[in-house]
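Trainee: Just passing along the structure, written as structure tokens.
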Amino acid sequence: MNNIGKEDKMFYAAEAFVLLVLWVVAFTQFMKSPETIATHFTFSGEPDRMGPRTVILLIALIGTAVATALEFMALKSPANAANIPGIDVAKKRSPKAVVYARRLCHVLALLLLLMMISVVCLLSGVAPYGITPTLGIVFLTFIAIGYYGFRIARLG
């Protein structure tokens, strides 16, 4: 088993907090939402598909499962988890490459949970504190993948 360092513990604490926020928001919005909610939207923001409000809890469950899988990969085999095209982290045999791969898993888990909170808010029609969900989290995900992929590729 890989050693869990201080940085990993900080990521786990942050992820646990964001996961808790996801479920609090999901349950709160589930209870406040009508039986049927908009589940898909056009580019202009108009709903074009309706579904049961249980979709809100399903989104939270999917986010929890994928974030847990990412964290399991970060803990058990971070070198194999960072499947970056053209870069074989496992063959680099660099401890730094494994650290970057582990960080990438942690960052992706956090961004995914934030994205799920955003989707739950969008589905329930709620803009917390006047903030509407945007594609910003998706772009941050691409930036994280590019950043850590570049760092790993530079190692050799």
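The values are calculated or read from the model by the stated rules, or taken from the named source; none is laboratory data. Given the structure is predicted, the values throughout are model-derived calculations rather than measurements. As a convention, Cβ positions derive from the backbone with ideal geometry for all residues, glycine included, and neighbour counts pool all protein chains shown.
Trainee: What are the residue pairs meeting all of these: first residue in the stretch 31-59, first residue under 20 Å from Ile117 (Cβ atoms), second residue of a type in the set (Gly, Ala, Ser), Cβ atoms under 6 Å, and 6 or more apart or on different chains?
Mentor: These pairs meet every condition: Ser33/Ser124; Thr39/Gly51; Pro47/Ala38; Arg53/Ser33; Ile56/Ala26; Leu57/Ala26.
Trainee: Does Ile145 count as closer than 20 Å to Tyr12 by Cα, at pLDDT 80 or above and hydrophobic (A, V, I, L, M, F, W, C)?
Mentor: Here the answer is yes, as Ile145 does meet what is asked.
Trainee: In addition: Condition first: exposed (fewer than 11 other Cβ atoms within 10 Å of the Cβ) and among the aliphatic types (A, V, I, L, M). Now tell me which residues in the stretch 17-49 satisfy that.
Mentor: Met31
Trainee: Scan (1) exposed (fewer than 15 other Cβ atoms within 10 Å of the Cβ); (2) modelled with pLDDT of 85 or more for the single condition Ala67 breaks and write down its number.
Mentor: Single failed check for Ala67: (1).
Trainee: Considering only the stretch 144-156, how many residues are loosely packed, with under 12 Cβ neighbours inside 10 Å and closer than 18 Å to Leu70 by Cα?
Mentor: Within the stretch 144-156, residues that are loosely packed, with under 12 Cβ neighbours inside 10 Å and closer than 18 Å to Leu70 by Cα number 1.
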